Every structure is written in structure tokens, then in C-alpha cells.
Amino acid sequence: MKIENSIALVTGANRGLGRAYTEALLKAGAARVYAGARDPGSIKVSDRRLVPVALDVTNEDQVRAAANNCRDVTLLINNAGIMKGSPMLAEGSEADFRGELGVNVFGVLRMVRAFAPVLAGNGGGAIANMLSVVSWYVYPFNATYCASKHAALALTDAARLQLKGQGTQVVGVYAGFIDTDMAAGFDRPKASPQQVAERTLEGIRAGTDHVHADTRSEELWRALKTDSGQIAEEMQQLWDAAQVKK
């Protein structure tokens, strides 16, 4: 689909990658960008086309209100997400996992279900779900987050199948660490949020189902197709080395 003159809604739009998405959409010529955030006052409005919207994706009433009030949307970008940084068997991992599932999976499901009829009424449009390279494997130090992204990938693939008939493109977006507050505690190479946003829009324009938004996602995709066991072994070595240091 064309980004120019589209009407977009971005969740988690007040900072980091969400803000980069809103800026990229405006730059690309979107007619209106609804910027969803728990606190709409945190949205810095620098363009009359940018419209703050009170939107907590874990709140059914707010999601329903957004769908009712933003009935002109043709592009939904599900960006809102949380990461607790919890190993699977750590103390408190269940609570962390439930929190991540609430935003990263059920929040996305809630948004897709609410906006699918809106998109259908506007000709089909597109949905882009911000996933992660850990949709494909488990990084043991934030394993509960990985599990939530595995589930979000399945949700994305299922939505693509179900919404194809109404003409809605469903895109999965994959990246490694992104230079935002979420990844601030990780000493790893990071992609810029601007790059991820730009590549996402390129993928939407091209009609692709999967967007590899940075070098890390490109490299990992090739490696996993060649030898998935190697990645698992690397993760085991990382985990074992960390236990020795304790």
C-alpha cells in the first residue's frame, strides 16, 4: 500500500521506536497519524497531522474507543511493547511473563481485532506488528520476553491468513537490539529506531509479509536457515559463561 495520504495509528508512540514511526510516517506523506500513548500529553505535537490518542493496549475500553474514534485508519502499527529482562526460571518470572504477554501478545490481539473491521471498511489497508529476532530463538537472559514474541509471531501469521480475504496486508517486523530505552541495559550493537521505521515503511510499500529491519535480523535469519542448532549452542555457551561469573 502507499504510505502517502494514508491514515495511520501507532501504539506506544510517545518515545523511542514509536516516535520514530510517527516521524517516518509524517515524512513519507501520511495525511494523519494517530499517536497512541497511555498519557497522550506526553506526545510532542510538532505537526498538525499528528493527533495524540489516549491508548493503553491492555485496556479494552480504550482500545474500543480508539477504534470507534479513529474510523479512517488505513494503517495500524502495533509498536507498544515491554521487556522485563527475566530468565524463564528466575524469581518472579511468572509475573514478568504475564505482564509481557498482556502487552506484547494480548495487546496486539486486542488492537488487531478492534481495527480489522475499520481497515476492511477503508479498503483493506495494512497492519505492521513489531516483533523481534527473538521470535525465532531464545536469548536466555530475557526468555519470558522471547516467549511472548514467539506467541506474537504466531498471532501475526494467523492474522495474515484470516485477513487476506478482506485485503489487509499483515507485516511482521524483526530487529535485534534497537537504540531505545528498552535496550538501554544491553551492551550490544543496536540499530537506530529511524532505520527500523524506514525499513518497515519500505516493506509495507512493497507488500512484503516479513521485514528484516536491521543487519542483525538479516544475519540471524540466514544463520537459522543454515544451522539452527548453532544458535542454540551459542545461547547455551552465553548462559553457562554467565553462571561461572556469579
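Listing for the model above:
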read-out	value
Qualifying residues in region 1-32 (those that are buried (at least 24 other Cβ atoms within 10 Å of the Cβ) and of a type in the set (Val, Ile, Thr)) - the one nearest to Val73 (Cα to Cα)	Val10
Any hit, region 91-101, residues being closer than 25 Å to Gln166 by Cα and modelled with pLDDT of 95 or more	no
Subset of region 63-83 (residues that are polar (S, T, N, Q) and either buried (at least 17 other Cβ atoms within 10 Å of the Cβ) or assigned to a loop (DSSP other than H, G, I, E, B) (or both))	Thr74, Asn78, Asn79
Looking only at region 170-191, and only at residues there that are outside any strand (DSSP E or B), in contact with a helix residue (DSSP H, G or I) (Cβ under 8 Å, 6 or more places away or on another chain) and without any contact (Cβ under 8 Å) to a residue 40 or more places away in the chain, the one that is surrounded by the fewest Cβ atoms within 10 Å (Cβ to Cβ)	Pro189
Subset of region 146-169 [among the aliphatic types (A, V, I, L, M) and crowded, with 23+ Cβ neighbours inside 10 Å]	Ala152
Residue that is surrounded by the most Cβ atoms within 10 Å (Cβ to Cβ), among those in region 89-132 that are of a type outside the set (A, V, I, L, M, F, W, C), outside any helix (DSSP H, G or I) and more than 14 Å from the chain's Cα centre (by Cα)	Gly125
Single match in Ser46, Ser86 (criterion: surrounded by fewer than 20 Cβ atoms within 10 Å (Cβ to Cβ), small (Gly, Ala, Ser) and over 28 Å from Leu163 (Cα atoms))	Ser46
Test result for Ala37, in contact (Cβ under 8 Å) with a residue 12 or more places away in the chain, buried (at least 17 other Cβ atoms within 10 Å of the Cβ) and farther than 21 Å from Gly107 by Cβ	no
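The values are calculated or read from the model by the stated rules, or taken from the named source; none is laboratory data. Given the structure is predicted, the values throughout are model-derived calculations rather than measurements. With ideal geometry, Cβ positions are generated from the backbone for all residues, glycine too; neighbour counts draw on all protein chains shown.
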